[in-house]
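**Q** Okay, here's the structure, questions in a sec.
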Amino acid sequence: MSGAEEQMQQLRSKATELLLREEWRDSIQLYSELIDLCQSQISNTHQHSDPDHLSKLHKSLCVAFSNRAEARSKLQHFTQALNDCDQALQIEATHFKTLICKGKILLCLNRYFNALDCFKAAHFDPQGNGNLDIVNGYLEKCKKLEFQSRTGSFDLSDWVLNGFRGKPLELAEYIGPVKVNRSEISGRGLFAAKNIDAGTLVLVTKAIAIERGILGGQDSAENAQLVMWKNFIDKVKEAVTRCQRTQLLIDMLSTGENEAGLEVPDMSIFRPEIEENRCSNDQKLDMDKILSILDVNSLVEEAVSAKVLGKNSDFYGVGLWILVSFINHSCNPNARRLHVGDYVIVHASRDVKAGEEITFMYFDALSPLEKRVEMSLSWGFNCRCSRCKFEEAVCSKQELREIEIGLEKGVDVGGAVYRLEEGMKRWAVRGKGKGYLRASFWAAYAEVYGSDRSMKRWGRRIPAMETVVDSVVEVMGSDERLLKVVVEGLKKSGGVVEFERAMKLGRGFYGKVIKKQALRTLLEIGINDKGY
């Protein structure tokens, strides 16, 4: 055995030992040395024309690339790992281990169709006869995720019916009929490309990075949030360093300045199938810019427009989801989000027309104008949505302000609601305007409808609960507090019509990812007691 062969054998043995011990960085270093040595020997062997020796060297090189790819993938250095896989497959196109490794990397990058091709090729490779169950498992997973990504057909029902126990479901990335465009609200926004029914999925996307923790008392909670924010920044920095595409996507987000000058990106850039080599970005990492981007675009899981499924109520989380960052605030929103594991599921909370901007509420929009103005300023902007503009004109009426002050002082809520309804008649408030004002005073309406005593006194003098709920839903979309009032009313005396109203509200709030049986369980609507 020559000195070079002995050196290669020692490198191979040590690198494999490090790989098995999961010492990824050290194994990558040794495999890199082995690859360099192999390539040098291949170059020399060509000159001596030794076919058997050359074949062994190529086989060693293929395995070295494959193993280095595995180590790099464990560190989530996916671009480099894919390059190694391609190098190995150039030597041996059906190398079983490499096909499996490449397929798993493509799965992590949400490139399901490409991953499916790898697992199909591995399935027919004779080398994999002893691992067919593993390959079949990956094939089924790929087919399911590819179908979800293509159709938006998600079903969380079983997980919900199981009480959100166990690991959250693995979901595919999905982009519905939406596009980014200039927004009259602020900078750029996400818009419906066609009509979208209430409950229909708009987006499903995984966080670039997320940090969670359980908050304690007020002082410790503030410290915990600061620590979490620092950890979150570190995770984003690591994600950007690992992947050029991630850096490109984050770099497109707003820093809160020069909104009008920002480019409107084509939707193709957000689709996972995009090739990595289309994402070359030679810019240096600008941490000041990234910090500004995170300050403007990060989302918290406890936000009022979100529902966190499967997490303890004490959990606090902060994360970055790229396309979701383009969704602006409105006090008459049309979309909500569900947090499931590291994924955000965005769905329409009411019917959305083609060309309409998709909007969330960043804070509690079931509040009077004055409180919403305070909250919007704390977020660093002044809301100019159609509802705020309408209420600014109406709220100059002294009587409306008196109603609000009276409620703060504890006057009879039934009387306040009656006074508001009579006022709207005198002010000639119609259509959506009624929904806007009823939404602003929803807490008072809910208190009246939830009290037998108040309903006995005021029930015939104010609109029926169903009328008020429908008008608020028209401008606000579905909300848990509206849903609660409807479900409580249904439990008391509801029939089929009331049941359907509750289910429609539930679909608007939770989205169509939860089917009818699971939705009934979530809403705690009895199935047998009223024959629904």
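The values are calculated or read from the model by the stated rules, or taken from the named source; none is laboratory data. Please read all numbers here as calculations on a predicted model, not as lab measurements. With ideal geometry, Cβ positions are generated from the backbone for all residues, glycine too; neighbour counts draw on all protein chains shown. Ligands, DNA and RNA are stripped out before the accessible areas are found, and what is left, the full protein with its side chains, is counted by its heavy atoms. Shrake-Rupley method; radii C 1.70, N 1.55, O 1.52, S 1.80 Å.
**Q** Using helices alone, I'd like the mean residue ellipticity at 222 nm for the chain: each DSSP H run of four-plus residues gives -39500 (n - 2.57), total over residue count, nearest 500. Numbers along the way, then the final one.
**A** Working: 22 runs with 293 residues, N = 532.
That comes out to -17500 deg cm²/dmol.
**Q** Also, I was wondering about something else. With equal scatterers on the alpha carbons only and no solvent term, can you work out the Debye log10 of I(q)/I(0) for region 4-151 at 0.14 1/Å?
**A** Relative scattering, expressed as log10 I(q)/I(0), comes to -0.70.
**Q** Shifting gears a bit: DSSP loop (so not H, G, I, E, B), at most 10 other Cβ within 10 Å: list which trypsin sites (Lys or Arg not before Pro) in region 455-516 pass both filters.
**A** In loop regions of region 455-516 (DSSP not H, G, I, E or B), the sparsely surrounded trypsin sites (Lys or Arg not before Pro) are Arg460.
**Q** Please compute the Cα-Cα pair-distance distribution of the chain with 20 Å bins starting at 0, giving whole percents from short to long.
**A** Reading upward from the zero bin: 18, 45, 25, 9, 2, 0.
**Q** Which of the listed residues, Leu523, Ser43, Gly166, is farthest toward the dipole's positive end in the chain, when Lys, Arg count +1 and Asp, Glu count -1 at the beta-carbon?
**A** It is Leu523.
**Q** Order the following by accessible area, largest value first: Leu437, Leu89. Probe radius 1.4 Å; ligands, DNA and RNA are ignored.
**A** The most accessible residue leads, giving Leu89, Leu437.
**Q** Still on this structure, I have one more. What nm value, rounded to one decimal, do you get for the distance between Gln7 and Gln398 when each label is placed 7 Å out toward the C-beta?
**A** Label-label distance for Gln7 and Gln398, simple model: 9.5 nm.
**Q** Which value, in Å², gives the accessible area per residue of the chain when a 1.4 Å probe is used on the protein heavy atoms?
**A** Per residue, the chain has an accessible area of 49 Å².
**Q** A further question on this structure: How high is the relative contact order of the chain, in percent, counting Cα pairs under 8 Å that sit 6 or more residues apart?
**A** Computed over the chain, the figure is 13 percent.
**Q** Determine the distance separating the Cα centre of region 420-480 from the Cα centre of region 1-27; give it in Å without decimals.
**A** Here the answer is 74 Å between Cα centres.
**Q** Grab the beta carbon distance between Lys432 and Ser32, set R0 = 56 Å, and tell me the FRET efficiency rounded to 0.05. Mind dumping the intermediate values first?
**A** On the way: r = 65 Å, r/R0 = 1.15.
It comes out at approximately 0.30.
**Q** How long is the gain from Val497 to Glu238 if the chain were fully straight, where each residue apart is worth 0.36 nm and the alpha carbon distance is subtracted?
**A** Full-extension gain reported as 88.0 nm.
**Q** Can you find, among Phe65, Phe124, Asn110, the residue farthest towards the positive end of the dipole of region 41-170? Put +1 on the C-beta of Lys and Arg, -1 on that of Asp and Glu.
**A** Selected residue: Asn110.
**Q** Ok, one more. Counting only protein heavy atoms, what percent of the accessible surface of the chain is carbon or sulfur at a 1.4 Å probe?
**A** Reported share for carbon and sulfur atoms: 48 percent.
**Q** Here's something else I'd like to know. If you keep only loop residues by DSSP, which chymotrypsin sites (Phe, Trp or Tyr not before Pro) in region 20-124 have at most 16 other Cβ atoms within 10 Å of their Cβ?
**A** Values: sites: Trp24, Tyr31, Phe65, Phe78, Phe96, Tyr112, Phe113, Phe119, Phe124; in loops: Phe124.
In loop regions of region 20-124 (DSSP not H, G, I, E or B), the sparsely surrounded chymotrypsin sites (Phe, Trp or Tyr not before Pro) are Phe124.
**Q** Also, I was wondering about something else. Mind pulling up the Rg/Rh value for region 385-527? Radius of gyration and Kirkwood radius, both on Cα. Write out the running numbers ahead of the final one.
**A** Numbers: Rg = 15.9 Å, Rh = 16.0 Å.
On the Cα set of region 385-527, Rg over Rh gives 0.99.
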